[in-house]
1. Excluding the sites themselves, what is the longest stretch of the chain that contains no GluC sites (Glu not before Pro) in a DSSP loop with at most 13 other C-beta atoms within 10 Å?
2. Helix 352-362 sits at what angle to the longest principal axis of the chain, using alpha carbons and giving 0 to 90 degrees rounded to 10?
3. Suppose a student asked you for the relative contact order of region 415-513, using Cα pairs under 8 Å spaced at least 6 residues apart; what percent would you report?
4. Where both partners of a DSSP beta bridge lie in region 420-572, what percent of those bridges are antiparallel, to the nearest 5?
5. Using Cα centres only, tell me the gap between region 463-525 and region 318-392 in whole Å.
6. Say the dipole of the chain comes from +1 at the beta carbon of Lys and Arg and -1 at that of Asp and Glu; which of Thr220, Gly352, Asn75 then lies farthest toward its positive end?
7. Return the whole-Å distance between the Cα centroid of region 231-279 and the Cα centroid of region 1-26.
8. At what distance in angstrom do the alpha carbon centres of region 35-70 and region 537-604 lie from each other?
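Derivation of every value follows stated rules applied to the coordinates shown; laboratory data play no part. What you see is a predicted model, and the numbers here were worked out from it, not measured in a lab. Don't worry about glycine lacking a Cβ; one is built from the backbone with ideal geometry, like all the others, and counts go over all protein chains shown.
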Amino acid sequence: MNPVTAEVTARIIDRSREARADYLDRMEAARSAGVGRAKLSCANWAHAFAASPEGDKQRMRNPTAPNVAIVTSYNDMLSAHQPFERFPELIKAAAEAAGATAQVAGGVPAMCDGVTQGRPGMELSLFSRDVIAMSTAVALTHDAFDAALLLGVCDKIVPGLVMGALAFGHLPVIFVPAGPMTSGLPNAEKARVRGLYAQGLATRDELLDSEMKSYHGPGTCTFYGTANSNQMMMEMMGLHLPGAAFVHPNTPLRDALTAATPRRAIEIADGGNAYAPMSAVVDAKSIVNAVVGLLATGGSTNHTLHLVAMARAAGVLIDWSDFDALSKVTPLLARVYPNGSEDVNAFHAAGGMAFVVRQLLDAGLAHDDVVTVAGLGLRHYQTEPFLQDGVLTWREGTATSLNTDILRPADNPFQREGGIRLLAGGLGRAVIKTSAVKDEHLKIEAPALVFDDQDELLAAHKRGELNRDFIAVVRFQGPQANGMPELHSLTPVLGVLQDKGFKVALVTDGRMSGASGKVPAAIHVTPEAACGGLLAQVRDGDVIRLDAHAGVLEIKVDPSELAARPRAVAKGSGFGYGRELFGWMRRSVGAAEAGASVLFEGAA
């Protein structure tokens with residue numbers, strides 16, 4: 001085991017000792033109370049299957065027949081979630097063949113960040129994660145299940161499902177993905193058209209035509225953003241069947257994997273020799289594996305929020321210092337758009353998760369001695385699924401990269417360090433995604449241009465006011481100010497300015513998402529401007545230094561002068577598009593480095 005990985009893991013275990021013990025005590029109490037359906041009265045139990053087919057009713061009368069919960073995030077607006085329409089019937093048929101039953105216990109909301117990007121609805125996006133966690137709890141609190149299957153893919157949905165299901169961590173839980181859409185317009189061409197549109201050199205019709213060729217069918221968007229980072233993490237944490245992440249929807253292999261999940265959930269339920277509750281699967285070592293996987297693949301910065309919250313739901317306490325320490329020893333093994341030119345389908349074809357897992361284990365960067373839904377040991381995840389005469393089985397994945405422009409071994413990586421670093425200094429603590437940023441752009445010192453929302457910056461660009469060196473400070477974008485929307489719409493504009501030769505960067509208490517690109521961006525600045533953060537006192541012309549190599553984010557203004565300045569005030573209304581319903585969350589949410597959640601005691 002790499003000594004830094006071992007040291008960080010030990011530090012997390014020690015830091016989490018009390019919280020983890022409390023969590024495990026609660027899970028053991030839930031397990032000791034017995035199978036939920038056995039505790040229900042006859043009236044309660046009859047309610048639970050009153051509408052079931054007659055065959056299911058007879059099986060459910062059998063006290064030894066398992067009942068599996070399905071929690072689904074299906075809707076047909078999200079391309080990644082549309083395939084879930086078919087999954088419950090596949091799962092129910094497989095459960096029936098195994099002498100069990102399966103029920104859709106509940107649904108959770110699933111909003112599309114791609115649709116709400118740059119719109120008021122994006123201010124609900126982060127909070128939807130905690131709503132999903134609560135909705136998952138509502139579904140499972142019927143207490144009628146021996147195991148649970150969770151159907152989710154995209155940005156806040158998987159973290160929310162994890163957080164909610166961990167409250168029922170005495171149950172075995174398997175995540176059931178839908179897979180990526182087939183590849184469309186090459187990513188380089190998509191980026192080119194976006195850049196032209198940002199400069200006024202392409203029409204809206206041309207832009208829409210390009211985007212439709214990129215996002216064109218069922219399945220996950222194929223760039224390596226938060227949704228596909230989710231799928232990577234579910235493999236690294238042992239919550240998927242091995243190799244399930246990047247198999248296309250509506251294919252025989254995908255259907256076979258989906259049908260295999262209830263069978264495996266029954267095998268690892270309490271009462272058998274393979275009992276693998278979620279509380280055993282998600283622990284400090286599996287969380288470290290997820291962080292290392294994120295760093296090694298250049299994954300989404302959103303997980304510096306989500307992984308913190310997910311871990312905390314299991315009584316595991318991590319912070320950005322852990323990400324930073326692990327990043328310094330984790331090599332970057334993958335180049336997937338926007339960190340490279342190819343998409344996740346090319347990543348999967350080059351060796352995918354089986355290759356990444358093998359490399360990280362062989363290099364001593366990930367823990368093998370973990371519980372997974374596939375059995376003991378992360379080595380299960382260096383295998384890949386395939387159909388042999390129509391029967392699902394697994395074989396060893398490739399030990400060598402099949403495309404070294406996309407995947408490389410740990411001893412010959414794209415970069416010696418991982419893709420996420422901690423920045424700290426006079427403006428607070430922040431994170432930066434470095435994997436897609438050229439080395440010469442990772443250090444910048446320039447005067448600030450201050451904006452209180454992203455629309456102000458875009459308007460200044462249209463007026464031609466940004467053709468110079470500057471660091472854009474976009475403030476009042478944190479969780480308490482407006483729900484911490486992604487600022488992805490700033491990427492094309494800042495990228496165009498950087499391509500013109502200007503030195504530009506972004507500093508914000510908001511998010512930039514898994515689509516963070518080639519412009520250096522210090523994001524999630526904590527404390528945020530709305531909660532005492534010094535971003536509220538920055539003025540145009542203040543010189544800011546961002547140095548990702550040194551881990552520094554500082555302002556070259558005398559601290560006493562800065563502290564004496566009046567604080568700017570957020571001007572967002574918090575009304576319209578449902579935002580008024582989430583006011584209590586904005587008032588109660590914790591800091592970004594604590595996971596930006598409302599669900600934990602003392603979160604505010």
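1. 1-464
2. Around 90 degrees separate the two axes.
3. Value for region 415-513: 25 percent.
4. Looking only at bridges with both residues in region 420-572, the antiparallel portion is about 55 percent.
5. Answer, in whole Å: 30.
6. Asn75
7. Computed from Cα coordinates, the inter-centre distance equals 26 Å.
8. Cα centres, region 35-70 to region 537-604: 49 Å.
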